[in-house]
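Just below is one structure, and these are the notes that go with it.
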Amino acid sequence: MNRKKLKCIPFALALLLLGANVFPLEEAADRNARILHAKESDPILLNVYNWDDYIQEDEDLNGDNDTDDEGEQGLVTLFEKEMLEQGINVKVNYSVFDTNETMLAELKTGKAQYDVICPSDYVIQKMIADDLIQPFPENSTPNYDKYVSPFVRSKIESIAVKDKDGKTVNVNDYARGYMWGTLGLLYNPGFSGVKERGIDEDTMREDLSDWTSLWSEKYQNLLAIKDSMRDTYAVGIMKTYDQDFELDGKEYEGFSTLKKKHDDGTYDDATYNEKVSTLFNMHDQETLDRVQKDLQALKENAFGFEVDSGKTDMARGMYFAINVAWSGDAAFAMDLADENNFLHEDEEGFEPTILKYLLPDSGANIWFDGWVIPKNAKNPELAAKFVDFLSRPDNAAINMNYIGYTPVIAGQEILDLVRSWYDIRYWDTGEEDPSALDGLTLVKPDDVYSLSEEEKEESYYQKDISYFFEGTLGEGVDASKEAIFCLPASEKDRQFDTQYPDSSVLPRLAVMADFGAQQNASLLMMWEAVKNTSLPLWSYIVILLAVVFLVALAITLKVERRHVLKRRRERKEQRLHSAEWSRMLRKTLVEGL
């Protein structure tokens, strides 16, 4: 090699090293310049309208009245900081609503103007039909497009909606999913009233696999109904059309027949889901009349209606043993019950409350909440940036850890978080530890039910949820290998199964559509007729006092919910800290050797 060239090598290396140090400095200087310039400009106001307790908020963990420390800042604050780094001064005006109807009425009256709102699926349909929202700007949410679960995306796309001109549109053009879940049955097999009637857990689970069991005298006064028109209508229609029926001179197959034909292979998954969805969304007047009679009978068999207190009552083992529940509330109730069990486990005579959740065999409702941009939004591009920021897997994981609901976003960070919660191979180290399965017996999920309590402690079952993560874990990563979980047999039908249904359940899950203005009015009249009961004067006084009590209870529950979720995060953080300590210890030992 030429000697002159050899002399140039050290100089070239020096330049490379200098550049390696200069470029980050230049990048930092550019970032600081952008932040300074943005701060000097007038802030852009982004009006966000969301459900209460539905995003990670700022937390003063140190008690110093300052949330500037790392880990204490909520996603809204972190979004504002990220926009500053991009040279945009954004101030998020974050507001909350309590019901879809409240939000929709406010939007229609024009009392306030919002840039991005988070309604439920059927309201999104209504907003498209009423020309209240606009499509997302093209290619404005790359994180969402990359990481949204393909399963949830297909469910959103399956909703048939027509705009104001009668043209069928793709809901995915108008909405970006946020959280999703199911409507099923939360139950307490150890409830005192259940034991008194001689109903064991296996019998209860088998009974509740059929919606019609809610009408059985066997469970009279042991169940609570959701004080929610659409959700309880969904329960009613599962009973009304459980068997084959005739409507307007046409013969229809009921839910039970559809299931049999799917089980024997007559109907494939797509056909089965299409037929289940058709029955699930029937809302003609004759159907409303039939459902009304069934719901009136259900009301007579139930303990009563509940709005938001059901999950807490269930967690404490009070009043009733069965609750029609959203999966997010069901998972929270289990967390709350587990927390209570932990606090009182050493008390003599204490009976722990172990809650379970299932989706009846005939079918169930799958729901999602999503972000939309109103027609009169001032900052649609910035609204899309906000949604895309929340759709990054790391931020979605933060959100999931804080509020307890399940994001529609998949990706590696979500998979890692769920593994650390549920997969026994990842509990101790945060990384896969096959030895965690040593001495345990692998059983099929359905075989868990035949095990004794002692056998469950020595057994585990596997579950594949690759349907949710497919295509979101990176190029060349096979979700069918990465998204197989190993869980203790004692955890069957608990939090993990509640948040991520088994793939065999998916064909019988249906999205409930908007019924249109006329039929929504008829549905409301039917619902009022179901709930209406003539009462004496003293009853109204009791009801008034009960309302005051419930308001106070709601405030207490909100504080308690945050406490439970905080404790849940702390326990999981302790597990991760232990994992990090184990890794450091191993590294030290290896280096020492």
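Points to keep in mind about this one:
- In a residue-by-residue description of the range 486-508, the property of being in a loop (DSSP other than H, G, I, E, B) and of a type in the set (A, V, I, L, M, F, W, C) applies to no position.
- Some residue of the range 338-348 being in a loop (DSSP other than H, G, I, E, B) and under 18 Å from the mean Cα position of the chain (by Cα): no
- Filter pass, Gly184 being outside any helix (DSSP H, G or I) and open to solvent by 10 Å² or more (accessible area, probe 1.4 Å): no
- Selection of the range 489-506 for residues being open to solvent by 20 Å² or more (accessible area, probe 1.4 Å) and either among the small types (Gly, Ala, Ser) or more than 20 Å from the chain's Cα centre (by Cα) (or both) yields Ser490, Ser503, Ser504.
- Residue in the range 303-312 that is most open to solvent (accessible area, probe 1.4 Å), counting only those that are out of contact with any Asp or Glu (no Cβ under 7 Å at 6 or more places or on another chain) and either farther than 20 Å from Thr498 by Cβ or assigned to a helix (DSSP H, G or I) (or both): Phe303
- Candidate set from the range 135-173 (those that are assigned to a loop (DSSP other than H, G, I, E, B) and among the polar types (S, T, N, Q)); member that is surrounded by the fewest Cβ atoms within 10 Å (Cβ to Cβ): Asn139
- Flag if Asp335 is in contact with a Phe, Trp or Tyr (Cβ under 9 Å, 6 or more places away or on another chain) and acidic (Asp, Glu): no
- The criterion of at least 1 residues that are surrounded by fewer than 19 Cβ atoms within 10 Å (Cβ to Cβ) is met by the following strands (runs of 3 or more DSSP E) wholly inside the range 203-292: 245-247, 250-252.
- For Glu106, the conditions (1) closer than 27 Å to Thr77 by Cβ; (2) part of a helix (DSSP H, G or I); (3) touching a helix residue (DSSP H, G or I) at 6+ places or on another chain (Cβ under 9 Å) all hold with the exception of (3).
- Test result for Glu300, surrounded by fewer than 14 Cβ atoms within 10 Å (Cβ to Cβ), at pLDDT below 95 and either aliphatic (A, V, I, L, M) or not in a loop (DSSP other than H, G, I, E, B) (or both): no
- Set Leu18, Leu61, Leu25: member being open to solvent by 40 Å² or more (accessible area, probe 1.4 Å) and either modelled with pLDDT of 95 or more or assigned to a loop (DSSP other than H, G, I, E, B) (or both): Leu61
- Of all residues making up the range 84-122, the number that are in contact with a Leu (Cβ under 8 Å, 6 or more places away or on another chain) and more than 20 Å from Ile133 (Cβ to Cβ): 3
- Residue within the range 314-331 that is assigned to a helix (DSSP H, G or I), out of contact with any helix residue (DSSP H, G or I) (no Cβ under 6 Å at 6 or more places or on another chain) and more than 23 Å from Met238 (Cα to Cα) present: no
- Flag for Asp335 being surrounded by fewer than 24 Cβ atoms within 10 Å (Cβ to Cβ) and in contact with a Lys or Arg (Cβ under 6 Å, 6 or more places away or on another chain): yes
Residues checked against (1) open to solvent by 50 Å² or more (accessible area, probe 1.4 Å); (2) at pLDDT 65 or above:
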residue: Ile465; (1), (2): no, yes
residue: Lys481; (1), (2): yes, yes
residue: Leu487; (1), (2): no, yes
residue: Met526; (1), (2): no, yes
residue: Thr533; (1), (2): yes, no
residue: Ala546; (1), (2): no, no
residue: Arg562; (1), (2): yes, no
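- Inside the range 409-447, residues that are open to solvent by 30 Å² or more (accessible area, probe 1.4 Å) and of a type in the set (Val, Ile, Thr) make up a count of 1.
- Out of Ala396, Ala364, sole residue that is more than 20 Å from Val92 (Cα to Cα), surrounded by 20 or more Cβ atoms within 10 Å (Cβ to Cβ), of a type in the set (A, V, I, L, M) and touching a helix residue (DSSP H, G or I) at 6+ places or on another chain (Cβ under 9 Å): Ala364
- The set of residues in the range 448-463 being out of contact with any helix residue (DSSP H, G or I) (no Cβ under 9 Å at 6 or more places or on another chain) and open to solvent by less than 90 Å² (accessible area, probe 1.4 Å) consists of Ser452 alone.
The values are calculated or read from the model by the stated rules, or taken from the named source; none is laboratory data. Note that the structure is a prediction, hence the values are computed from the model and not measured. Every residue, glycine as well, gets a Cβ built from its backbone with ideal geometry; the counts of neighbours run over all protein chains shown. Areas reflect the complete protein model, heavy atoms only, side chains present, ligands, DNA and RNA absent. Shrake-Rupley method; radii C 1.70, N 1.55, O 1.52, S 1.80 Å.
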